[in-house]
Amino acid sequence: MTEMNSPRAECPVCGSQRTEPVLHLPQIPVFCNLLWPERSAALAAPRGDMRLGLCNDCGHLFNQAFDPGLMTYDQAYENSLHFSPSFQRYARGLAETLVERYDLHGKDIIEIGCGQGDFLGMLCELGNNRGVGFDPAYVEEGALPPNVTIIPDYYSEKYASHRADFLVSRHVIEHLARPRAFAAMLRRVMAHRPDAVLFIEAPSADYMVAHTALWDIIYEHYAYFGRASMTRLFEDAGFQTLDLYETFGGQYLCLEARPAASSGQPATGRADVTAWRDQVRDFARSARAEIARWRRELERLAAANKRVVVWGAGSKGVMFLNLLPPQARLIDFVVDINPRKQGKFVAGAGQQIVSPDFLRDYRPDVIILMNRNYQDEIQEMAAALGLSPEFRFV
Ligand SMILES: [Zn+2]
């Protein structure tokens with residue numbers, strides 16, 4: 001018998017108690033990016049509740065039922081997007097922009113949550129910079145780019161002696177149980193480097209809400225930062241916002257900031273989240289309707305004896321398959337171009353992950369695509385395999 005966690009009322013960004021539950025997704029896999037070597041193990045993967053809550057003061061969205069005790073990021077964690085050419089192009093463009101904008105040449109760069117060091121390597125290569133990356137899930141595999149060191153650990157103040165002109169953290173803060181402590185730690189580390197710049201990237205809650213991107217909700221993401229709550233978090237911690245913008249077709253939110261000149265400097269003004277609150281409530285209604293619509297659609301395809309595959313074993317694909325039981329059990333395979341995922345099984349839902357080549361013989365009638373950003377490359381690959389399936393977009 002496990003003890004029920006009472007939903008957390010306090011907003012992790014602004015501390016307000018004025019929070020409300022908006023969307024409940026029961027018993028989703030705790031690690032949707034952790035793949036399993038056997039179907040039975042995948043079906044028995046650990047699960048947790050997603051009770052998405054909204055802060056009525058800063059607009060932040062977070063899982064009120066989040067249990068940080070369930071989360072550990074070790075070397076079995078596979079979260080790499082770098083096999084996709086679209087994502088590669090995006091990362092390279094972003095690195096070029098940052099090197100130019102902040103004149104990153106011969107500088108010291110720290111990346112928190114650097115994965116295998118791909119992005120850090122680009123930043124260093126483009127500007128002949130020196131990089132130190134931190135990631136507990138780093139797996140040593142071959143040589144790193146020149147001037148790049150990776151420390152397989154969480155970044156903390158004990159590493160403050162590593163100087164940085166530029167601190168990058170991409171797709172990290174949405175995982176953190178205590179984002180305010182993280183922002184405050186960064187501010188202390190950067191206290192003596194007023195010219196240093198902080199770059200933060202996270203999935204955009206504004207995009208998720210505007211596009212009903214409910215498949216982007218995963219247990220690993222405790223937090224969903226929008227423009228309002230991202231700014232609030234870092235300005236409250238003593239940063240001055242230099243820029244705030246969306247990238248990757250609007251799906252990511254990027255903040256550039258530097259330590260504010262004096263502590264206690266008033267923020268640029270508290271955002272009015274009244275309109276946002278209504279948008280979030282509409283989003284929750286649309287999300288429930290979307291789940292119902294896909295259930296009917298999968299039932300219809302099954303009744304017509306259509307052979308259906310999902311393309312993309314990233315988090316969207318895994319959540320799509322997990323939020324539609326039992327209908328998604330009618331799908332047997334998920335395609336992914338990442339060779340490290342192929343042959344493994346989807347957490348919770350149990351489908352096997354296969355390579356695009358597998359489709360040459362399997363010949364699906366319908367391919368469900370998880371991300372329109374990859375539409376062109378996937379349609380080209382399908383054509384090259386001699387397939388002419390129907391494409392559906394989630
Ligand atoms: Zn708040």
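Annotations
- Loop sites in the stretch 334-387: trypsin sites (Lys or Arg not before Pro), DSSP, at most 16 other Cβ within 10 Å: Arg340
- Under-5 Å amide H pairs with Arg47, H placed in peptide plane, nonlocal only: Val30
- Residues with amide H under 5 Å from that of Thr149, placed H, sequence gap 5 or more: Gly131, Val132, Gly133
- Within the chain, percent of DSSP bridges classed antiparallel, to nearest 5: 50
- Note on the chain: helix-only mean residue ellipticity at 222 nm, from DSSP H runs of 4+ residues weighted -39500 (n - 2.57) and normalised by residue number, equals -8500 deg cm²/dmol.
- Annotated for the chain: lysine pairs at least 8 residues apart or interchain, Cα distance under 24 Å, count 5.
- When Lys316, Lys306 are sorted by how many other C-beta atoms sit within 10 angstrom of their C-beta, beginning with the fewest, the order is Lys306, Lys316.
- For the chain, the equivalent ellipsoid derived from the alpha-carbon gyration tensor has semi-axes of 35, 26, 19 Å in decreasing order.
- GNM top mover of Ala143, Ala261, Ala347 - the chain, alpha-carbon springs below 10 Å: Ala143
- Going from the residue with the fewest nearby Cβ atoms within 10 Å to the one with the most, Ile291, Ile337 rank Ile291, Ile337.
- GNM top mover of Thr97, Thr241, Thr212 - the chain, alpha-carbon springs below 10 Å: Thr97
- Distance-filtered residues of the stretch 278-297 - backbone nitrogen under 12 Å, label point 7 angstrom along Glu390 Cα→Cβ: 297
- Per-residue HN-Hα couplings for the stretch 131-139 [Karplus 6.51, -1.76, 1.60; θ = phi - 60°; Hz; x = Gly/Pro]: x, 10, x, 10, 6, x, 8, 4, 10
- Inter-label distance for Ala160 and Gln379, nm, one decimal - labels placed 7 Å from Cα along Cα-to-Cβ: 5.4
- Each residue of the stretch 31-39 was assigned a 3J(HN,Hα) from its phi angle through the Karplus expression (A = 6.51, B = -1.76, C = 1.60, θ = phi - 60°), giving 10, 7, 9, 8, 9, 10, x, 9, 4 Hz with x at Gly and Pro.
- Extension gain, Arg288 to Ser355: 0.36 nm times the residue separation minus the Cα-Cα distance gives 21.0 nm.
- Simple spin-label estimate for Asn128 and Thr247 in nanometres, 7 Å along Cα-Cβ: 2.4
- Isolated Cys residues of the chain, judged by Cβ distance under 4.7 Å to other cysteines: Cys32, Cys114, Cys124, Cys254
- Sequentially through the stretch 209-223, phi angles give Karplus couplings (6.51, -1.76, 1.60; θ = phi - 60°) of 6, 5, 10, 6, 7, 5, 6, 7, 7, 10, 5, 4, 8, 5, 10 Hz, Gly and Pro residues having no value and appearing as x.
- Note on the chain: with a GNM built from Cα contacts shorter than 10 Å, the maximum mean-square fluctuation among Ala95, Ala42, Ala304 falls on Ala304.
Any read-out appearing in this document is the output of simple, stated calculations on the displayed coordinates, not a laboratory observation. Only a predicted model underlies this, so the values are computations on that prediction, with no experimental measurement involved. For neighbour counting, all protein chains shown are included, and Cβ atoms are generated from backbone atoms with ideal geometry for every residue, glycine included.
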